[in-house]
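The values are calculated or read from the model by the stated rules, or taken from the named source; none is laboratory data. Owing to the predicted nature of the structure, the values given are computational and were not obtained by experimental measurement. Methodologically, a virtual Cβ is constructed for each residue, glycine included, from the backbone with ideal geometry; neighbour enumeration extends over all protein chains shown.
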Amino acid sequence: MVYCNNCSRNVSGERFYDGPLCCNFCGKVLEEYNFSSEPQFVKDSAGQSKLSGNFIKSVQDISDSRRRTLDKAFDDMRCMKDALSIDDYSDDVVETASRFYEIALERNFTRGRRTELVQASCLYLACRQKRKPFLLIDFSSYLSINVYELGSVYLQLCYVLYLADTKDLQKLIDPSIFIHKFTNVLIPEGNDEVVKTARDILASMKRDWMQTGRKPSGLCGAALYISALSHGLKCSKSDIIRVVHVCEATLTKRLVEFESTDSGSLTIEEFTEKERELRTSSLTKKQPNIGSKEASAHEVLCKHMDRKPFAYGLCEECYEEFMKVSGGLDGGSDPPAFQRAEKERIAKLSIEENANRASGSPFASGPEKPESIGVSEGTTKKAAFDEGDNDKLPGVDGSGDESDNFSDIDDLEVDGYLHNEEEKRFKKIIWEEMNREYLEEQAAKEAAAAAAKEANMANYDKCPEDLQAAQELAAAAAAVVAKSRKATKASC
């Protein structure tokens, strides 16, 4: 609306194509602006003509190349997160991954590498820090690439970000965080009892040192398979393999390893009762008196630094988790290395005991005593190894690795590489014949050294006492120098 002085009222003016604004009633020109699309030229202070107006960039609202790259990577990682259903209601994982990607971009890590591999590696690293139940094979399946290629890029990214030596990255992945995800895939309607039993089985595996050196997918597959069958659910090994992405041989091996533990021989009712008792005893156990009371009262070694210490430098929550997972300092089986050493120690003690018993027997005659002892020792050694093979040694678990025992090898190809006594003798004759000159030279050197030593000893006996003392001092000094050189080489 425009006020017209002629009509003395507000009117809606009409603007014609040439620019003036007129009143609709009286036709008075209220505003007169001449608009033109032609370029206008004006003269400046120097009298030069120049184009009137300002230059406006047509792409002024577009950011620089670096910002566009980061925004595109953020959008791609968000699409990847939505496709894998990672943290559906939050972008915390994507934001953490985008920061990793920005650091990798600053250090030129993206050059020469496929963008989707770097983005997937950053997203997987963020999932590990946020304890999300996703494996590297999930990202490789989504991208349809080789998991080893993606794993190589992930390890290189960790070295670039200086995360390879951090405690968070070296820490073993807790297999229990994958149980709920795998159960939902195997049983779409869900089953809380299967999840609970599978987690108890995983806790038992941790106490028996099965988690060390093994991937979490195989442990989760074995625990889920046992839990599903124990609750009457029909599932085959192929169903578990499809869910956890492991081969049948790996799944079978994990089942056999769990069977060899103490919990593997229990029924599901006995196992559940044992886990319930262990959980109750760990929660109701009084605070142990370990170390200095002053240090125990003021030092917190876990991640909850703002809480009061409960035991072993841990808060109450971390202490309960420690007791549930590991069984405490008194629970769980011994490590495999300790089991192997303990088995060897018990076998050695058994051999010595049987040898002493045989040597003190009244039936052993005088001239035949050495032979009878040898037979007894051989029999004892055989019995000791039989005990080791049959896992009959008290207090020792037979699940440890036997790196120095080849009794389970039964292969014709392997037997072809091993020589018997006759082949050893023939090989020795051939080697001595081929290296006859070297052996003769060594024999001549040894004979010359022995003759020189005898001559020196003869001269030494005929020398006066002062000369003998000087020679002894020189020999002692030479021995000290040789000993110091040897120690220096050993330290290097």
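(1) outside any helix (DSSP H, G or I); (2) closer than 30 Å to R131 by Cα; (3) modelled with pLDDT of 85 or more; (4) not basic (K, R): which one isn't true of N10, the others all being true?
(2)
Please enumerate the residues belonging to region 180-197 that are more than 21 Å from the chain's Cα centre (by Cα), in a helix (DSSP H, G or I) and farther than 17 Å from E270 by Cβ.
If the condition is that a residue be more than 21 Å from the chain's Cα centre (by Cα), in a helix (DSSP H, G or I) and farther than 17 Å from E270 by Cβ, then H180, T183, N184, V185, L186, D192, V194, V195 are the ones that fit.
Can you tell me which of (1) surrounded by fewer than 17 Cβ atoms within 10 Å (Cβ to Cβ); (2) at pLDDT below 90 is the one S176 doesn't meet?
Checking S176 against (1) surrounded by fewer than 17 Cβ atoms within 10 Å (Cβ to Cβ); (2) at pLDDT below 90, the one that fails is (1).
Name the helices (runs of 4 or more DSSP H) wholly within region 226-342 that hold at least 1 residues that are exposed (fewer than 11 other Cβ atoms within 10 Å of the Cβ) and modelled with pLDDT of 65 or more? If you could, list the steps in order and put the result at the bottom.
Working: elements: 237-244, 248-259, 268-284, 293-298, 316-326.
Passing ranges, in order: 237-244, 248-259, 268-284.
Condition first: crowded, with 17+ Cβ neighbours inside 10 Å and part of a helix (DSSP H, G or I). Now tell me which residues in region 130-142 satisfy that. Don't jump to the end; show me each part of the working.
Step one: of region 130-142, the residues crowded, with 17+ Cβ neighbours inside 10 Å are 132-136, 138-140.
Of everything in region 130-142, those that are crowded, with 17+ Cβ neighbours inside 10 Å and part of a helix (DSSP H, G or I) turn out to be L136, D138, F139, S140.
Which of the residues belonging to region 67-96 are of a type in the set (G, A, S) and either closer than 19 Å to K181 by Cβ or not assigned by TED's automatic domain parsing to the domain that holds L143 (or both)?
Let us first name the residues in region 67-96 that are of a type in the set (G, A, S), namely 73, 83, 85, 90.
Once the filter is applied, which keeps residues that are of a type in the set (G, A, S) and either closer than 19 Å to K181 by Cβ or not assigned by TED's automatic domain parsing to the domain that holds L143 (or both), region 67-96 yields A83, S85, S90.
Here is a list: S65, S52. Which entry is under 30 Å from T110 (Cα atoms) and at pLDDT below 85?
Just one listed residue meets the conditions, S65.
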